[in-house]
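Peer 1: Shown below is the structure under consideration.
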Amino acid sequence: MSVDSVVVVGGGLVGLAVAYGLACSGAKVRLLDEGDRAWRAARGNFGLVWVQGKGYGNPEYARWTRTSSVLWPQLAKDLLHATDINVQLRQPGGFLLCLSDAELAEESERLRWLHEALDGDYPYEVLDPVSLRRRLPGVGPDIVGACYSPADGHVNPLLLLRALSVAAQKRGVMIETGRHVTGITRSGDGYCLEGTTQQWLADKVVLAAGLGNQTLAAQVGLDVPVKPNRGQILVTERIAPFLDYPTNYVRQTAEGSVQLGDSHEAAGLNDDTSVSVMAELARRAVTCFPRLAGINVVRAWGALRVLSPDGYPIYQQSVDCPGVYAVTCHSGVTLAAAHVYRIAPWIAGGEAPSGLEVFSDRRFAASPPDNGASHVQ
């Protein structure tokens, strides 16, 4: 049985980004993907590269998100060069549309706090109704204002998933699908991963299996208390371009279809859709942009986000089993560039990114969950 430098468990956006980055660092990488039986968060992603509001109360997360946003154009360029796949990155800035004065005041306070916490390196604007409508013609009369950040953008998440897969394989990553890892044990100086019918040996292991990380992490002394959070998305027929900017509720794709989203449900391991939530998504979208009334919805789906108790990522090397890493987050698109250019080189043997200790699993033993976790995007 051959020994790989690194085995990555999980073939979603997080696992593929880390695998691609590791291969770029010269590692021999094998990626084990459970296949379509897995609870894939990637297939329900809204596609936002979103900085605005993230990290309220946690400046290191704000810096981390901002770092990834800055690195994103390089990732899009590198993937295009490697695969000829354009992931359709657009970073014109983004608007957080507010449906009440209280919501606008709350969001404004969050951004003011973040601006100060990052010593001014956090650009944003608060727009009153008149200023907003100059920037976004067609916004509905019930929108009381918005917050804008030039750091925000969006991509096609399905093309991103495909590009990372192709780029990783061109770099030599061996991708195996239909592989369910059930156990991890020491084997000499490395580790043996047990599957239902097969074993793999590796010097290092990266757990990037989303909701599957919790069980595997516990076997190697890591605490990854992730829970599912369901989001639902509606997709309309293609219409003439009207929205260049992503917003928190509505975004128009490069092909012309419109995505409606931003729902949060504690539904357990259930990624179905529900009429009540879909109706609310549609109602809110028409409130934001009345021109959407009467537009046909052609697809709808639900998917499960991967949330830690405080909503922030978990990046941790096991103390008990050195060389085994947990990489978990719910912002697989936004943080993809940071995973390629910062997390992967660290796992390959480089220095840990500044501030990474904030995302250690040890925080869950030391403090209670953050009540504001539901706001983290």
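The values are calculated or read from the model by the stated rules, or taken from the named source; none is laboratory data. Every value quoted in this text rests on a predicted model; they were computed, and no experiment measured them. Note that each Cβ is placed from the backbone with ideal geometry, even for glycine, and that neighbours are counted across all protein chains shown.
Peer 1: Keeping to the range 293-337, report how many residues are not in a loop (DSSP other than H, G, I, E, B) and not hydroxyl-bearing (Ser, Thr, Tyr). Break it down into steps so the answer makes sense when it comes.
Peer 2: From the range 293-337, those not in a loop (DSSP other than H, G, I, E, B) are 297-307, 314-317, 324-328, 336-337; that's our starting set.
Now drop any that are not not hydroxyl-bearing (Ser, Thr, Tyr), which leaves 297-307, 314, 316-317, 324, 326-327, 336-337.
Number satisfying all stated conditions: 19.
Peer 1: Here is a follow-up. When you scan the range 126-142, do you find a residue that is closer than 30 Å to GLY302 by Cα and acidic (Asp, Glu), even just one?
Peer 2: Checking the range 126-142: at least one residue is closer than 30 Å to GLY302 by Cα and acidic (Asp, Glu).
Peer 1: When you scan the range 208-226, how many residues do you find that are among the small types (Gly, Ala, Ser) and free of Cβ contacts under 8 Å to residues at least 40 places away in the same chain?
Peer 2: Qualifying residue count for the region: 1.
Peer 1: Follow-up. Which count do you get for residues in the range 15-29 that are in contact with an Asp or Glu (Cβ under 7 Å, 6 or more places away or on another chain) and either surrounded by fewer than 22 Cβ atoms within 10 Å (Cβ to Cβ) or at pLDDT below 95 (or both)?
Peer 2: Number satisfying all stated conditions: 1.
Peer 1: In this structure, does ASP119 turn out to be more than 30 Å from ALA285 (Cα to Cα), part of a loop (DSSP other than H, G, I, E, B) and either out of contact with any helix residue (DSSP H, G or I) (no Cβ under 6 Å at 6 or more places or on another chain) or not β-branched (Val, Ile, Thr) (or both)?
Peer 2: Yes.
Peer 1: SER165 passes all but one of (1) within 25 Å of the chain's Cα centre (by Cα); (2) without any contact (Cβ under 8 Å) to a residue 12 or more places away in the chain; which number fails?
Peer 2: Tallying (1) within 25 Å of the chain's Cα centre (by Cα); (2) without any contact (Cβ under 8 Å) to a residue 12 or more places away in the chain, SER165 fails exactly one: (2).
Peer 1: All but one of (1) assigned to a loop (DSSP other than H, G, I, E, B); (2) closer than 30 Å to LEU193 by Cβ; (3) in contact with a strand residue (DSSP E or B) (Cβ under 7 Å, 6 or more places away or on another chain) hold for GLY15; state the number of the condition that does not hold.
Peer 2: (1)
Peer 1: Can you give me the number of residues within the range 227-275 that are surrounded by 16 or more Cβ atoms within 10 Å (Cβ to Cβ), farther than 29 Å from GLY138 by Cα and free of Cβ contacts under 8 Å to residues at least 40 places away in the same chain?
Peer 2: 2
Peer 1: Any idea which of GLY195, GLY178, GLY188, GLY172 is surrounded by fewer than 18 Cβ atoms within 10 Å (Cβ to Cβ) and without any contact (Cβ under 8 Å) to a residue 12 or more places away in the chain?
Peer 2: GLY188
Peer 1: Which pairs turn up if I take residues in the range 302-324 that are under 30 Å from ASP272 (Cβ atoms) and look for partners that are surrounded by fewer than 21 Cβ atoms within 10 Å (Cβ to Cβ) and of a type in the set (Phe, Trp, Tyr) with beta carbon separation below 7 Å, at least 6 apart in sequence or on another chain?
Peer 2: Hits for this filter: LEU304/TRP39; PRO309/PHE364.
Peer 1: Looking only at residues in the range 346-377 that are more than 17 Å from GLY57 (Cα to Cα) and surrounded by fewer than 16 Cβ atoms within 10 Å (Cβ to Cβ), which one is modelled with the lowest pLDDT?
Peer 2: ALA365
Peer 1: Now a separate question. How many residues does the range 249-292 hold that are within 27 Å of ARG90 (Cα to Cα), out of contact with any helix residue (DSSP H, G or I) (no Cβ under 8 Å at 6 or more places or on another chain) and in a loop (DSSP other than H, G, I, E, B)?
Peer 2: 6
Peer 1: Please state which of the following conditions ALA42 fails to meet, knowing it meets all the rest: (1) small (Gly, Ala, Ser); (2) at pLDDT 95 or above; (3) surrounded by 20 or more Cβ atoms within 10 Å (Cβ to Cβ).
Peer 2: Only one criterion is unmet by ALA42, namely (2).
Peer 1: Among the residues of the range 171-187, count how many are on the phi < 0 side of the Ramachandran plot and touching a helix residue (DSSP H, G or I) at 6+ places or on another chain (Cβ under 9 Å).
Peer 2: Residues that pass the stated criteria total 8.
Peer 1: For the range 201-221, does any single residue satisfy the condition of being surrounded by fewer than 22 Cβ atoms within 10 Å (Cβ to Cβ) and touching a helix residue (DSSP H, G or I) at 6+ places or on another chain (Cβ under 9 Å)?
Peer 2: No; the residues of the range 201-221 include none that is surrounded by fewer than 22 Cβ atoms within 10 Å (Cβ to Cβ) and touching a helix residue (DSSP H, G or I) at 6+ places or on another chain (Cβ under 9 Å).
Peer 1: Give me a count of the residues in the range 83-104 that are free of Cβ contacts under 8 Å to residues at least 40 places away in the same chain and either of a type in the set (Lys, Arg) or outside any helix (DSSP H, G or I) (or both).
Peer 2: Matching residues across the range 83-104 total 1.
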